[in-house]
1. Roughly how many debye, to the nearest 20, is the charge dipole of segment 29-114 about its Cα centre, given +1 on each Lys and Arg Cβ, -1 on each Asp and Glu Cβ, and no other charges?
2. Give me the Kirkwood hydrodynamic radius of the chain, using the inverse of the mean 1/r over all pairs of distinct Cα atoms, in Å to one decimal.
3. I want to verify a result. In a Gaussian network model of the chain, Cα cutoff 10 Å, which of these has the top mean-square fluctuation: Ile153, Ile214, Ile230?
4. Evaluate the Debye formula for segment 196-304 with equal point scatterers sitting on the alpha carbons, no solvent, and hand back log10 of I(q)/I(0) at q = 0.12, 0.17, 0.19, 0.23 Å⁻¹, in q order, two decimals.
5. Net charge near Val39: determine it from the other residues with C-beta under 12 Å of the C-beta of Val39, scoring Lys and Arg +1 and Asp and Glu -1.
6. Summarise the accessible area of the chain (1.4 Å probe, protein heavy atoms) by the percent that is carbon and sulfur.
7. For Lys299, Lys270, give me the order by solvent-accessible area with a 1.4 Å probe, most accessible first, ignoring ligands, DNA and RNA.
8. Keeping every protein chain present and rolling a 1.4 Å probe, give me the accessible area per residue for the chain in Å².
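The values are calculated or read from the model by the stated rules, or taken from the named source; none is laboratory data. In this text, all values refer to a predicted model and were calculated from it rather than measured experimentally. Every residue, glycine as well, gets a Cβ built from its backbone with ideal geometry; the counts of neighbours run over all protein chains shown. When the accessible area is computed, the model is the full protein with side chains, heavy atoms only, and any ligands, DNA or RNA have been set aside. Shrake-Rupley method; radii C 1.70, N 1.55, O 1.52, S 1.80 Å.
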Amino acid sequence: MARILDGVAIAKAIREEVAEEVRELSGRGVRPGLAAVLVGNVPASEIYVRSKVQTCGELGIFSDLITPQADVTTESMLELVDLLNRREDIDGILIQLPLPAQVDTKRLLDAVAPEKDVDGFHPVNAGRLQAGRPALAPCTPAGVIQILKRSQIPIAGQHAVIVGRSDIVGKPAAMLLLHENATVTICHSKTRELPEITRQADILVAAIGRAGFITPEMVKPGATLIDVGINRITERADFDRFFKGDLKREESFAKRGTTIVGDIHPAAFKTAGAYTPVPGGVGPLTIAMLMANTVRAAKMRRGL
Ligand code: NDP
């Protein structure tokens, strides 16, 4: 039986550790602060940001939710970022993506002070990560490492194959696994003979954005499967393709008319040694690591 890597429990443990650090900092008169910038009315973004702000409250982190209108210009967003960069009570700046088309996202992310870049998206932090210097690493890949370490899954010397090379997930995940002494292979849409490569993985990280893309024959028996993907399905045919016979899912799909599936076909979990479920695997770690990065930024900025 494959072992389920419980992201909910691991995220809870990290949140408790962060809350403890926040209490210690408050003894020194420091309260970490996060600015969350939510532009317009994208429902998914609203849910994510609300949950980030709520978690701040639970852990004793100060948060400031800023909500520019959907028609905001790049210039006024740059002014906002400049203000946040200079605010003493703000240690972390989170700009929820995606931004409206008229806003130059790259220019904006590059304007965030690297020491307040708690998403780890700034080129300076990407460079620091690559150079193996202390950095604010992107939250989702940092969460992947936490899942592996806290589940006592060996990384050093293992062959880690990452499918996906985005700046947000794939590339930083590769870099973090490399720093943990894995032998790393990065695959993408132009990779040839992908199943042959994924079958060599001791640790397979899927960050593709395509429902159930990794099928059982692409997986080495006993491998650890880390499923970063979040894909919403609403069609009955898709549901049957992934979850036929799963009564618990059936119940919630019947009620809500939707469910989420990762980038790994659930049938592949059966031959795995261990895997992260979707939901309840990598997802919960992302917010926990954002909180950890905010406290880290607060400490680093004060030389603590
Ligand atoms: P991107 O779309 O930025 O990147 C997807 C990557 O997958 C690209 O590198 C692409 O290759 C590769 N890819 C696409 N098709 C194929 C294929 N047929 N074969 C091999 N590789 C392929 O996505 P993200 O990295 O932002 O996100 C990936 C997934 O993770 C999504 O489902 C997203 O929702 C989820 N996610 C989950 C988070 C969480 O908190 N759990 C946080 C962030 C993302 P190429 O570069 O060649 O185009």
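1. With only Lys, Arg, Asp and Glu charged at Cβ, the dipole is about 200 debye.
2. Radius from the Kirkwood sum: 20.2 Å.
3. For the chain, modelled as a Gaussian network with Cα springs under 10 Å, the answer is Ile153.
4. Taken in order of the listed q values, log10 I(q)/I(0) reads -0.50, -0.81, -0.93, -1.19.
5. -2
6. Here it works out to 53 percent.
7. Descending accessible area places them as Lys270, Lys299.
8. With the other protein chains kept in place, the chain gives 48 Å² per residue.
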